[in-house]
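Following: one structure in structure tokens, then a few remarks.
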Amino acid sequence: MHATHKGLLAVHLAVFIFGLTALFSKLIALTALEITLLRSLFAVLALWAVMRWDNEPLGLHSRRDYIVVLLLGVLLAGHWVTYFHAMQVSSIAVGVIALYTFPVMTVFLEPLFHGERPHLIDIISALAVLFGIYLLVPEFSLDDTTTQGVLWGILSALLFALRNIIQGRHFTTYPAKQALLYQILITSVILLPFGATAITQVNTFQWGQLLLLGVIFTALPHT
């Protein structure tokens, strides 16, 4: 198979798996923070095991890279928690649609990182997308669950866009597995103080769900 076709297949497969990931927000009876913490722990173990099996290096090149990946881990943690929370307070459809404003946000924000102004067409596209999201909201009220889902989803999209831009500018010299391993490890460390009690409350079936989420639906599609 041609390399381009392999790349496209990998992208489509990852997007498909990402879509299925959203289902776990409703299937697992835990908070968004607890789900994110426990999926991260499984994902870290899976990625570490694969990298050790392949004898891939674990260390980063410089102190600056450790600072960059710390920021990336914080953004990823915020993105995952807000994404799952958006779907828990509203619906999977609302959360997913709100999240997928991130490509427009990326196109709008990326020129700012280069010291440039966004192009007019990008501004128009961003406004059009936001208007489309607004049409989802039957009543713009913070008491309305759809409104809450949209706002949390947009925040998740913003964090995801910032994480992708920073990684694309400052952290592209590392393999995907290594970059993700550090980010998920940081996510785990950040969330552990707030969700550690959930570890003693999860039942056997939920552990199975979290294992599936962490390995197949987190470590695999992100790499």
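Taken together, the values in this text are just the output of simple stated rules run on the coordinates, not laboratory data. Since this is a predicted model, take the numbers as computed values, not measurements. Don't worry about glycine lacking a Cβ; one is built from the backbone with ideal geometry, like all the others, and counts go over all protein chains shown.
So here's what we get for this one:
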quantity: From phi via Karplus (6.51, -1.76, 1.60), per-residue ³J(HN,Hα) for region 25-32 in Hz, x at Gly/Pro; calculated: 5, 9, 6, 9, 7, 9, 6, 4
quantity: Over the chain, relative contact order from alpha-carbon pairs under 8 Å, at least 6 apart, %; calculated: 39 percent
quantity: Backbone HN-Hα couplings from phi across region 196-203 [Karplus 6.51/-1.76/1.60, Hz, Gly and Pro as x]; calculated: 5, 5, 5, 4, 7, 10, 7, 8
quantity: Dipole of region 58-185, positive direction: furthest Cα of ASN164, TRP80, THR147, with charges on the beta-carbon; calculated: ASN164
quantity: Helical mean residue ellipticity (222 nm; -39500 (n - 2.57) per DSSP H run of 4+; nearest 500) of the chain; calculated: -24500 deg cm²/dmol
quantity: Highest average packing first - 168-180, 73-85, Cβ atoms within 10 Å; calculated: 73-85, 168-180
quantity: Cβ charges +1 (Lys, Arg) and -1 (Asp, Glu), total dipole of region 47-149, debye; calculated: 300 debye
quantity: About the Cα centre, charge dipole magnitude for the chain (Lys/Arg +1, Asp/Glu -1 at Cβ), debye; calculated: 540 debye
quantity: In order through region 52-57: 3J(HN,Hα) via Karplus (6.51 cos²θ - 1.76 cosθ + 1.60), integer Hz, x for Gly, Pro; calculated: 5, 4, 8, 6, 7, x
